[in-house]
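> Can you read through this structure? Questions will come right after.
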Amino acid sequence: MKALLVYPKYPDTFWSFKHILPYVSRKAAFPPLGLLTVAALMPEAWEKRLVDVNVAPLRDADLAWADMIFISAMVVQEAGAKEVIARARAMGKCIVAGGPAFTAQPEQFQGVDHFVLNEAEITLPPFLEDFARGMAKHLYTTPERPDISTTPIPLWNLINFHDYVTMSVQYSRGCPFDCEFCDIVVLNGRHPRVKSTDQMLREIGSLYDAGWRGPVFIVDDNFIGNIVSVKQFLPRLIDWQAQHNYPFKFMTEASINLAQDGELIRLMSKANFHKVFIGIETPSTDSLKECGKKQNVAIDFTKAITTLHQNGLQVMGGFIVGFDSDTEGIFDQQIRFIQKIGVVTAMVGILTAMPKTRLWQRLKSENRLLGSSTGENTDASLNFIPTMRREALINGYKNLLATLYAPKCYYARINTFLRDYNPTARGKLVWSDFRAFTKSLWRIGILSRARFDYWKLIVKTTLTKRKALPVAVELAIIGRHFQLVAKRALLGTDVWADSLPPADSPPVP
């Protein structure tokens, strides 16, 4: 059996990092970890190929070679997934689909022969057994959560490491918190399930043995969801890193309670973690309570972020506007807040109702749901009727983006961050780092309207905090990506605008 695994086109979004790729001579930011893991769950005797459309085009010859086409996608990749389905269908291929986009709304995708939904460790084996007997069903789904200590090591040989900026691994699934807008609980549950320490070290070791050196993204929904297990894993990871001369720099996602656990912070720092994404969301206490983000309510964010920065963990933050509790003052409030705490990589989006979340269910019951989410919360679209006036929300959001990513504000945040930042990550600079720096000298230092801010940053960091210079250069380069993504959002239109009430309609009470 010949299986072709296809990862559809990822649009130009905040997390695509499309505009930094020319600086580092790579084709995509992250590999399709889900498909690499699914490939390892398939029969060993099968022939397998993987086409990541973000790296190379899907050719007719690829489709012609295959007996079966396996597609995985996130919601934001819906358009690309439908294009792949249409092409495979036109060539008469058997199409199998799974992953977040299909699990959330399989009814959105016509032409799929078999949906293998939820987590593949449970749903893929019965499909494969039925298929071998010629009795495969259209839909395989389950509410069960697998024990991921049985999950195999991804098949790294299906990709070319040189195509990607960062490799990905997974330690756990699930999150103990239940934020109203978040689909993590829907997809992976509230009980964090973890891989064993030995299993995780084998997986990390497999990356090392395959030749990878550099950044690794631990893609967990909340890396510290099971703190007891994490504290057992990290000392072993620290030893492994030291024995192998620190080949990897890790980044991950976590909840803000990380900042309250000094032991955990120190362990992550010693294990060579250098970035952590945290859902900060909003400075509005009312909005935090509304969405069930209780863990954020009593936090002193300035102190928390400073603590993480002082321990070498650069905070990337998620922020949201458009909660029912938000007034028209939230946009200026967010600007002041984000600038004060010095979160440079600030992903700010309009609230969106993801399928099957508690928010989705509530808005549906209130007849406020307009349609499916685009999966991209920085495209200035609304898929529900807000309590704030639609024009005020969209225009306020666009002004928020334009302000945050204007060179003056963006570089001010870099300087606030660097004031507290204590670089602790180990690892040698490589040729691609120097190449990115030299390209930034021309593209940002000469051609960009941020050139004066760029040169002030480079000179000041060189003179006052030289160890942080690589991070300063990286943030300057990433800023170009954010500015271009923000520009696209400013020019975009609300995809659900025609479904909303007239502009002069009163807000939802």
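> Do any helices (runs of 4 or more DSSP H) entirely within the range 148-247 hold 1 or more residues that are touching a Cys at 6+ places or on another chain (Cβ under 9 Å), and if so, which?
Qualifying helices (runs of 4 or more DSSP H): 184-188.
> Further question on the same structure: Under 8 Å between Cβ atoms, which residue pairs at least 6 apart in sequence (or on different chains) link something in the range 63-91 that is assigned to a loop (DSSP other than H, G, I, E, B) with a partner that is among the basic types (Lys, Arg)?
These pairs meet every condition: Ala66/Lys2; Ala66/Arg49; Ala66/Lys93; Asp67/Lys2; Asp67/Lys93.
> Continuing with the same structure: Name the residue that is farthest from Leu313 (Cα to Cα), counting only residues in the range 395-438 that are part of a helix (DSSP H, G or I), among the aromatic types (Phe, Trp, Tyr) and touching a residue at least 24 places away in the same chain (Cβ under 8 Å).
Looking at the filtered set, the residue picked out is Tyr397.
> Scan the range 76-114 for residues that are among the hydrophobic types (A, V, I, L, M, F, W, C), under 30 Å from Thr378 (Cβ atoms) and surrounded by fewer than 21 Cβ atoms within 10 Å (Cβ to Cβ) and jot them down.
Ala79, Ala86, Phe109
> Another question, then. Kindly check whether there is at least one residue in the range 129-144 that is closer than 22 Å to Pro355 by Cα, in contact with a Leu (Cβ under 6 Å, 6 or more places away or on another chain) and at pLDDT 95 or above.
Yes: one or more hits.
> Take Phe337 and decide whether it is assigned to a helix (DSSP H, G or I) and either in contact (Cβ under 8 Å) with a residue 12 or more places away in the chain or under 30 Å from Leu207 (Cβ atoms) (or both).
Values: assigned to a helix (DSSP H, G or I): yes; either in contact (Cβ under 8 Å) with a residue 12 or more places away in the chain or under 30 Å from Leu207 (Cβ atoms) (or both): yes.
The answer is yes for Phe337.
> I'm checking my understanding of the structure. Among residues of the range 1-34 that are over 27 Å from Val430 (Cβ atoms) and among the hydrophobic types (A, V, I, L, M, F, W, C), which one is surrounded by the fewest Cβ atoms within 10 Å (Cβ to Cβ)?
Met1
> Can you tell me which residue among Glu328, Glu376 is surrounded by fewer than 17 Cβ atoms within 10 Å (Cβ to Cβ) and either of a type in the set (Asp, Glu) or touching a helix residue (DSSP H, G or I) at 6+ places or on another chain (Cβ under 6 Å) (or both)?
Selected residue: Glu328, the only one of Glu328, Glu376 that is surrounded by fewer than 17 Cβ atoms within 10 Å (Cβ to Cβ) and either of a type in the set (Asp, Glu) or touching a helix residue (DSSP H, G or I) at 6+ places or on another chain (Cβ under 6 Å) (or both).
> Filtering the range 371-391 down to residues that are farther than 30 Å from Tyr410 by Cα and within 25 Å of the chain's Cα centre (by Cα), which residue is modelled with the highest pLDDT?
Result: Phe384.
> Scan the range 352-362 and give yes if some residue there is buried (at least 18 other Cβ atoms within 10 Å of the Cβ), closer than 18 Å to Asp12 by Cβ and within 23 Å of the chain's Cα centre (by Cα), otherwise no.
Scanning the range 352-362 turns up at least one residue that is buried (at least 18 other Cβ atoms within 10 Å of the Cβ), closer than 18 Å to Asp12 by Cβ and within 23 Å of the chain's Cα centre (by Cα).
> Since Lys293 meets every condition but one in (1) at pLDDT 95 or above; (2) charged (D, E, K, R); (3) in contact with a strand residue (DSSP E or B) (Cβ under 8 Å, 6 or more places away or on another chain), which condition does it not meet?
So Lys293 meets the others, but not (1).
> What do you reckon, is Arg413 within 26 Å of Gln310 (Cβ to Cβ) and crowded, with 18+ Cβ neighbours inside 10 Å?
yes
> At pLDDT below 55 and part of a helix (DSSP H, G or I) - does that describe any residue in the range 466-489?
Within the range 466-489, the subset at pLDDT below 55 is none.
No; the residues of the range 466-489 include none that is at pLDDT below 55 and part of a helix (DSSP H, G or I).
> Quick one: in the range 175-225, of everything that is among the charged types (D, E, K, R), surrounded by 22 or more Cβ atoms within 10 Å (Cβ to Cβ) and farther than 23 Å from Gln361 by Cβ, which residue is farthest from the chain's Cα centre (by Cα)? So that I can check it myself, show each step before the final result.
Step one: of the range 175-225, the residues among the charged types (D, E, K, R) are 178, 180, 183, 190, 193, 195, 198, 202-203, 209, 213, 220-221.
The next check asks that each one be surrounded by 22 or more Cβ atoms within 10 Å (Cβ to Cβ); those that pass are 183, 195, 220-221.
Applying the additional criterion that residues be farther than 23 Å from Gln361 by Cβ yields 195, 220.
Numbers: Lys195: 20, Asp220: 10 Å.
For the range 175-225, the residue satisfying everything is Lys195.
The values are calculated or read from the model by the stated rules, or taken from the named source; none is laboratory data. Bear in mind that the values here come from a model prediction, so they are computed numbers and not experimental data. Glycine also receives a Cβ, built like all others from the backbone with ideal geometry; neighbour counts cover every protein chain displayed.
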